[in-house]
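The structure under discussion appears below in the form of C-alpha cells.
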Amino acid sequence: MLPWVAPDGVLLLAAALVLQLDALRGGLPAFARFYPYAVFVVGALLAWRFQRNRLLLALLVLALATAALGSPGRGASGQVIIRATALLPDRGTLTPIGLLRLGAIVVQVTLVVMFSRTAPAATAALLAHPILPAKLLAWVPLRQPALFAFALALGAVLTPLIFESNPTGRGFVWAIVAAFLALTAYRPGPGSAIYLGTAGLVLVVSVIEASYLLAYQDGLTQLPTRRALTEAMQRLGGQYTIAMADVDHFKRFNDEYGHDVGDHVLKMVAAKLAHVEGGGRAYRYGGEEFAILFPGKSVEDSLPHLETVREAVADTAFTIRGRIRVARKREKSKGSKRRQAAITISIGVAERNSRHGLPDQVIRAADQALYRAKEDGRNRIRT
Ligand code: GH3
Ligand code: MG
Ligand code: MG
C-alpha cells in the first residue's frame, strides 16, 4: 500500500496544502509562474537522458495545458481533452509509434486552437455537452466530456497496474489525479499551474524511482540485487550472519527443461527464500545463487530459520506442464500429463568475526561453506 501513497500522494498533498495556506498567498502567483516550467524543463532533460519518451510527451502536454490555462479568457474544457488523452501510456523513443503520438498531440492542439478561434461558442457547447443525464454528475465541477476523458485515461493507466504495480504506472495515475485537480481548481489564479507542475513533478519522481529499482531490484525474482546486499552489508556495524544458497544441479535442470522453466524455478525458490524468518533478508546474488543476510544475528541464531527454508524448497513439487516439449515426450511414454521435478538448494553460512571482518571476507567464508555443502552431497547446510 505504501508505494501507492509515497512519494507521489505526499507531493500532491503538499501542493494542496501550499494552496490552502493563507500565509503563502502573496507569493503564490510568482511561484506558480516559474514552478511548473522549472519542473517541465528539468523533467524534459531527465527524460531525454533516460530515453523516457512517454515522460517527455506527458511533460509536453502538461506544459501546453499550463500555457493554455495561464492565458485568461479561454475555456478549460478543450484542454482537458488534450491532457487526458495524451497521458495514455506509450513507449519507445523516436519510433513510428512515438512520432504518431507526438503527431496526435499536435493535431489535437491545432484542432482545439482552430475551433476555438472560428467557432468558440459552438465548440464550448460541444465540449460541455452532457453524455449522461446532466443531474447525475452535476456535483462534479467538470463538464461531462472532460470527465469521461479523465475516466478513460485513468482506466487506461490503472488496468495494467492490477497485474503488476510499478512506480512509473503509479506516477501516471497520480499525475492524472493532479491534472484533474488542476482543472477543477481552475479559476484565474495560481492553483491550476501549481497542480500541473506537481503532476510533472510526480512523473519525474516516479521515473527516478523506476531507475533506482532497476539497479536495486532483480527483475526476475523481485528480490533485492547484489548491489543492494553490498550496500546493506557496508551499513552494518557489528555482528551479522550471511548465508549463500545455490540451486543444486541447476545446469542439468536447465538443459533438460529449458531456460524458461529454469527461470520459473528461480522465481519459486526466491519466493521461498523471501519468506525466511528470524530477521533474515534474501537477495539474488547472481544467476542461481542467493544470499540471506541476518543483521545482528549469529550463525546459531540463523541456522534454524535457514533449515526451515531449505526444507520448504525441498518439499515443494515443481510441476512441469505439457507445454515443455522435452517433458511432453516423456510424459506420453509414461502416460501421464505432468512431471514433477525435485529442486533442492545447498547453503553455506558464515558470520562476521575477528577473522572475517570485512563483508567480502564473510561472503567468501560462506561461499567456502557452500562448497562443503555441495561436496557432502547437496540439499544441506554447512558452516
Ligand atoms: P551445483 O549443484 O554444483 O550448483 O550445480 P549447478 O549445475 O547448479 O552449478 P553451475 O554453477 O555449474 O550451473 C549454474 C547454471 O545456472 C548455469 C546456468 O545455465 C544457470 N543459470 C544461471 N543464471 C540463470 C538464470 O537467470 N536463469 C536460468 N534459467 N538459468 C540460469
Ligand atoms: Mg552456482
Ligand atoms: Mg547450482
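The figures follow:
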read-out	value
Normalised alpha carbon radius of gyration of region 164-276 [divisor 2.2 N^0.38 Å]	1.63
FRET efficiency, 1/(1 + (r/R0)^6) with R0 25 Å, evaluated for W4 and T184 via beta carbons	0.70
Karplus 3J(HN,Hα) series, Hz, for region 278-287 with 6.51 cos²θ - 1.76 cosθ + 1.60 (x for Gly, Pro)	x, x, x, 9, 8, 10, 8, 6, x, x
Net lengthening on full extension, T230/L136 (0.36 nm per residue, minus Cα-Cα)	28.1 nm
Under the Karplus curve 6.51 cos²θ - 1.76 cosθ + 1.60, θ = phi - 60°, whole-Hz ³J(HN,Hα) for region 264-277, x wherever Gly or Pro sits	4, 5, 4, 4, 5, 4, 4, 4, 5, 5, 5, 8, 4, 9
Where the Cα pairs of region 226-382 fall when distances are cut into 5 Å bins, in %	2, 9, 18, 21, 17, 12, 8, 6, 3, 2, 1, 0
Label point 7 Å beyond Cα of A341 along Cβ direction - residues of region 244-263 with amide nitrogen under 20 Å	245-263
Integer Hz, Karplus 6.51/-1.76/1.60 couplings in order for region 170-179, x for Gly and Pro	4, x, 5, 4, 5, 5, 5, 4, 5, 5
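FYI, it's all coordinate maths here, none of it is from the lab. Quick caveat, the model's predicted, so the values are computed rather than measured. Counting neighbours? That spans all protein chains shown, and the Cβs are built from the backbone with ideal geometry, glycine included.
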